[in-house]
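Data first, discussion second: the structure below is written as structure tokens.
Only the coordinates and a few stated rules stand behind these numbers; no lab work does. Since the structure is predicted, the reported quantities are computational estimates derived from the model, not experimental observations. Glycine also receives a Cβ, built like all others from the backbone with ideal geometry; neighbour counts cover every protein chain displayed.
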Amino acid sequence: MIRFFDNPVHLGLAIVIGLLMAASFIVFLLQKLNQNGDYKELSDRVKSWWVMVGVFSIALLSSPVISVIFFGLISFLAFKEYISVIPLRKADRRVLFWAYLTIPIQYVLVASNQYGLFIVFIPVWVFFLLPFRLILAKQTDGFLQSVSAISWGLMITVFAVSHAAMLMQFPVTKDHVAGGAGLILFLAILNQGNDVAQYVWGKLLGKNKIVPDVSPNKTWEGFLGGVGTTMVMSVLLYSFLTPFSFIFALFIGAMLALTGFIGDVTFSAMKRDLKIKDAGALIPGHGGILDRIDSLSLSAPLFFHIVRFFYY
Amino acid sequence: MEQKIHNILRWFFYGVVVRPILLLILGFNARHMERLKPRGAHLIAANHNSHLDAMVLMSLFKLCDLPKVKVVAAKDYFCRTPLMAWFSINVIGVIPIDRQGGADNPIQPVIDALEEGYTVIIFPEGSRGDPEQQAPLKYGVTKVLEAHPDVQITPVYMHGLGKALPRGEALLVPFVCEINIGEPITWHGDRAKLIDSLAASFAHLKSEMEVKPWQ
């Protein structure tokens with residue numbers, strides 16, 4: 001099988017497209033068999049998946065610069081959605097403009113592989129400069145609320161997401177021909193697959209709620225089903241997409257299922273606090289871009305650093 | 001012939017320039033889009049927060065419907081120079097309104113446009129108020145309806161543009177723009193009643209959205 005694909009990333013994407021075709025076929029069958037059922041949201045979801053996978057494939061395969069721009073765009077859209085739903089002060093408006101400027105800077109650091117600056121730019125430099133810029137806005141009422149909300153948003157939508165792009169800089173070696181693109185694809189499949197698996201297992205078997213106060217749909221059955229499924233996905237994919245050993249692949253599968261779950265409920269808690277259901281409406285059937293990348297943004301830095309520590 | 005060139009310029013302006021930029025920089029979260037369609041002489045009444053309002057409302061329409069839509073705007077702003085006046089009127093699709101009260105009836109151009117079968121976007125609050133603070137509705141709209149009693153009004157409530165580009169600011173900060181479109185309102189000959197039902201509709205549209213005003 002692998003012989004037909006010179007590039008393992010092509011094989012990985014072919015598997016994803018195969019799964020999507022299966023999903024589309026199942027939705028088609030459901031609609032045919034049960035004319036009365038309402039499958040609009042499910043069908044919207046699958047259609048949106050096609051678009052997302054299409055855009056992601058182009059971003060991954062075209063060139064490293066396009067990949068970086070793709071992740072930069074995700075950061076921009078996610079940060080915009082974030083500041084549009086959180087409570088902020090009129091005085092923060094111009095500060096937000098400066099906050100937006102961190103996005104191109106962070107991704108230029110990614111593209112130029114400046115790891116040292118990349119890793120400290122937001123946690124050190126922006127962390128120092130943002131409160132100072134807020135002081136210049138001359139309003140101390142609500143200062144702490146604004147500085148924490150903007151900083152958290154930048155960490156999650158820019159710093160964390162840029163780690164997914166930074167995976168691209170891991171080099172191609174003789175033993176690991178998929179290189180950084182393979183790692184990005186591996187992370188994306190496991191993370192998004194875990195979301196879907198937790199949802200499906202929860203729908204099928206879900207009984208015992210894990211965090212009823214935050215996210216009433218999350219159950220132990222869904223979570224454990226997700227962990228199992230993600231570990232299986234990891235074992236199936238690691239040999240051609242990553243430089244991992246079998247044991248490490250098992251471990252990473254379990255870890256990504258757990259961090260994905262935590263990322264998911266973290267955003268659920270935020271949305272519950274803000275009393276909103278979705279952060280936006282950009283992706284039909286899914287909500288906003290924040291609703292789609294919630295689990296990814298928290299997992300990406302952990303995945304990046306654990307892989308960097310053990311393999312690069 | 002000239003009209004055709006204007007229409008092509010307008011398609012280009014909205015389809016290639018304005019809409020892609022607005023979608024990327026701001027992004028719309030629009031509800032009940034199916035209620036927004038040109039249907040001959042018709043009024044679209046929107047709340048006013050920003051210079052962007054007119055262009056955002058225009059870009060909500062399908063490109064093929066754009067030649068049938070016009071938007072009311074301040075003459076002193078949009079027609080500062082002859083070139084800007086030409087561009088505003090023919091490409092943006094502006095109906096310039098004289099706010100200084102030079103003309104006998106400042107809203108006569110709106111009445112004329114309805115006469116010609118255009119869908120006209122108006123801002124019943126008049127000039128832009130404080131951003132995201134709804135100003136009391138003015139009675140100008142009822143004068144238009146007295147001239148065209150069978151014209152209906154579709155209310156549109158927008159939120160976010162006053163955060164992105166408020167009055168007196170030149171720096172645009174991206175915010176998602178929430179848009180909600182209401183059911184058309186019919187004129188029954190009573191000025192106060194129409195203003196009340198328009199205000200009630202705006203309040204309802206606002207309550208349907210997740211609006212985050214400045215703290």
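Once you list every other residue whose beta carbon is under 15 Å from the beta carbon of A:L130, what net charge do they have if Lys and Arg are +1 and Asp and Glu are -1?
Net local charge, A:L130 excluded: +3.
For chain B, what is the calculated [θ] at 222 nm in deg cm²/dmol (nearest 500), taking -39500 (n - 2.57) for each run of four or more DSSP H residues and dividing by its residue count? Don't skip to the end; give the middle numbers.
Working: 9 runs with 73 residues, N = 215.
Estimated from H runs of four or more residues: -9000 deg cm²/dmol.
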So for the protein assembly as shown: antiparallel DSSP bridges make up what percent, rounded to the nearest 5? 25
Ranking B:V56, A:L274, A:S146 by how far each Cα lies towards the positive end of the charge dipole of the protein assembly as shown (+1 on Lys and Arg Cβ, -1 on Asp and Glu Cβ), the top one is A:S146
Which of the helices in chain A meet the span-like rule: DSSP H, Cα axial reach of 24 Å or more, Kyte-Doolittle mean at least 0.0? A:8-33, A:40-61, A:64-85, A:93-111, A:179-205, A:220-241, A:246-274, A:289-311
Name the long-range amide H neighbours of B:K138: under 5 Å, sequence gap of 5 or more, or other chain; modelled H, no Pro or chain starts. B:E125, B:G126
Among A:I122, A:P301, A:L42, which residue has its Cα positioned farthest towards the positive end of the charge dipole of chain A, with +1 placed on the Cβ of Lys and Arg, -1 on the Cβ of Asp and Glu, and the dipole taken about the Cα centre? A:I122
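For the range A:1-59, build the convex hull from the C-alpha positions and give me its volume per residue in Å³.
Values: hull volume 3.9 nm³, N = 59.
Considering the Cα atoms of the range A:1-59, their hull volume per residue is 66 Å³.
To the nearest 20 debye, what charge dipole does the range B:1-70 have about its Cα centre, counting +1 at the Cβ of each Lys and Arg and -1 at the Cβ of each Asp and Glu?
220
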Taking the simple approach of a point 7 Å from Cα along Cα-to-Cβ for both B:Q152 and A:D44, what is their distance in nm? 2.5
Nonlocal amide H pairs with B:N29, under 5 Å, H built at 1.01 Å: B:C177, B:E178, B:I179
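FRET efficiency for A:R308 and B:A203, Cβ-Cβ distance as r, R0 = 41 Å, nearest 0.05?
On the way: r = 54 Å, r/R0 = 1.32.
After rounding, the FRET efficiency stands at 0.15.
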Considering only A:L19, A:I262, A:L96, whose Cα is most displaced toward the positive end of the charge dipole of chain A, charges sitting on Cβ of Lys, Arg (+1) and Asp, Glu (-1)? A:L96
Amide H to amide H, which residues 5 or more places from A:L88 or on other chains are under 5 Å from it, using H placed in the peptide plane? B:Q215
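About the Cα centre of the protein assembly as shown, how large is the charge dipole given +1 on each Lys and Arg Cβ and -1 on each Asp and Glu Cβ? Please answer in debye to the nearest 20. It would help to have the intermediate numbers written out before the result.
Details: 45 positive and 38 negative charges, 100 e Å.
Here the protein assembly as shown has a charge dipole of around 480 debye.
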If every Lys and Arg gets +1 and every Asp and Glu gets -1 at its Cβ, then about the Cα centre chain A yields a dipole, in debye to the nearest 20, of 480
Defining a contact as two alpha carbons under 8 Å apart and six or more residues distant in sequence, what relative contact order in percent does chain A show? 19
Nearest-0.05 FRET efficiency for B:D112 and B:Y77 at R0 = 22 Å, using Cβ-Cβ distance, is 0.60
